[in-house]
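J.: Attaching a single structure in structure tokens format; questions to follow.
The values are calculated or read from the model by the stated rules, or taken from the named source; none is laboratory data. Bear in mind the structure is a predicted one, so any value in this text is a computation, not a measurement. Here the Cβ positions follow ideal geometry from the backbone for every residue, glycine too, while neighbour counts run over all protein chains shown. Just so you know, the surface numbers come from the protein's heavy atoms only, side chains and all, with ligands and any DNA or RNA stripped out. Shrake-Rupley method; radii C 1.70, N 1.55, O 1.52, S 1.80 Å.
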Amino acid sequence: MDLVRDFHHHGGVHSAFGLHREGSNRATVSFFTLSALSTVTRDPNLAVARVASSLAQSPMWGTRSHAVLELACSLPAALVTGVLETPSKVSVFQARLAVSYPSGAYIAVADLTSPSVEHSDAYTAILESIGQTISFTDPNTPATSAQAGTSRILELLP
């Protein structure tokens with residue numbers, strides 16, 4: 001598939017679709033992606049700021065907000081959220097979290113997108129909670145009790 005090949009070619013490492021009940025007889029979707037983008041600078045603060053700024057400057061954004069986040073991993077991070085207006089006048093909510101790799105050579109980018117604009121606060125809270133679980137460790141090394149954490153994502157679900 002060209003779409004999957006293009007996703008991986010542009011740094012995509014994971015994607016997931018969600019199907020959610022909305023009301024008594026409706027459903028909506030969400031789309032989560034995780035990408036690793038190489039940076040042109042080794043300054044992690046500058047690299048995160050560039051990713052956040054490039055998204056916030058997009059002419060497709062109708063409304064937007066951005067913030068620097070303090071994550072448990074103590075690496076530079078930024079969150080940009082807003083409503084995108086597509087050329088066909090469809091509104092979708094997107095939250096993008098950018099976190100620097102420890103080396104500064106890459107930025108981990110997590111996107112959560114949904115046409116359910118009215119649930120933007122919940123989607124933002126979910127992405128922030130995912131951000132708090134990010135760590136850069138060798139997966140072949142057993143986690144110490146200080147590294148082992150639990151996800152707070154269940155706190156956000158009804």
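J.: Of the numbered conditions (1) under 18 Å from PHE136 (Cβ atoms); (2) of a type outside the set (Val, Ile, Thr); (3) in contact with a strand residue (DSSP E or B) (Cβ under 6 Å, 6 or more places away or on another chain), TRP61 fails exactly one; give the number of that condition.
T.: Here TRP61 clears every test but (1).
J.: Let me ask you something else. Of (1) closer than 24 Å to THR86 by Cα; (2) of a type outside the set (A, V, I, L, M); (3) open to solvent by less than 70 Å² (accessible area, probe 1.4 Å), SER54 satisfies all except one. Which?
T.: (3)
Each row is one residue, and each column tells you yes or no for (1) open to solvent by less than 40 Å² (accessible area, probe 1.4 Å); (2) at pLDDT 75 or above.
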site: ALA77; (1), (2): yes, yes
site: ARG96; (1), (2): no, yes
site: ALA108; (1), (2): yes, yes
site: THR113; (1), (2): yes, yes
site: VAL117; (1), (2): no, yes
site: SER120; (1), (2): yes, yes
site: ASP138; (1), (2): no, no
site: ILE153; (1), (2): no, no
site: LEU157; (1), (2): no, no
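J.: Right, something else. May I ask you to list pairs of residues, at least six apart or on different chains, whose Cβ atoms are under 6 Å apart, with the first in region 16-31 being closer than 11 Å to SER116 by Cα and in a strand (DSSP E or B) and the second being open to solvent by less than 40 Å² (accessible area, probe 1.4 Å) and acidic (Asp, Glu)?
T.: THR28/GLU22
J.: Pairs please, first residue from region 114-126 and within 15 Å of LEU19 (Cα to Cα), second anywhere and open to solvent by 30 Å² or more (accessible area, probe 1.4 Å) and among the aromatic types (Phe, Trp, Tyr), Cβ atoms under 8 Å, 6+ apart in sequence or on different chains.
T.: SER114/PHE31
J.: May I pose another question? Hey, could you check region 79-91 for residues that are open to solvent by 30 Å² or more (accessible area, probe 1.4 Å) and of a type in the set (Val, Ile, Thr) and say which is modelled with the highest pLDDT?
T.: Looking at residues that are open to solvent by 30 Å² or more (accessible area, probe 1.4 Å) and of a type in the set (Val, Ile, Thr), I get VAL90.
Quick grid of which residues meet (1) under 19 Å from the mean Cα position of the chain (by Cα); (2) open to solvent by 30 Å² or more (accessible area, probe 1.4 Å); (3) among the hydroxyl-bearing types (Ser, Thr, Tyr); (4) more than 25 Å from THR137 (Cβ to Cβ):
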{"position": "HIS8", "(1), (2), (3), (4)": "yes, yes, no, no"}
{"position": "GLY12", "(1), (2), (3), (4)": "yes, no, no, no"}
{"position": "PHE31", "(1), (2), (3), (4)": "yes, yes, no, yes"}
{"position": "PRO44", "(1), (2), (3), (4)": "yes, yes, no, no"}
{"position": "ARG50", "(1), (2), (3), (4)": "yes, yes, no, yes"}
{"position": "LEU71", "(1), (2), (3), (4)": "yes, no, no, no"}
{"position": "PHE93", "(1), (2), (3), (4)": "yes, no, no, yes"}
{"position": "ALA105", "(1), (2), (3), (4)": "yes, no, no, no"}
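J.: Next question. Going through region 41-98 one residue at a time, which ones are of a type in the set (D, E, K, R), within 22 Å of ALA122 (Cα to Cα) and touching a Gly at 6+ places or on another chain (Cβ under 6 Å)?
T.: ARG64, GLU85
J.: Hey, another quick one. Would you confirm whether or not region 60-71 contains a residue that is modelled with pLDDT of 85 or more, of a type in the set (S, T, N, Q) and out of contact with any Cys (no Cβ under 7 Å at 6 or more places or on another chain)?
T.: The answer is no; no qualifying residue exists.
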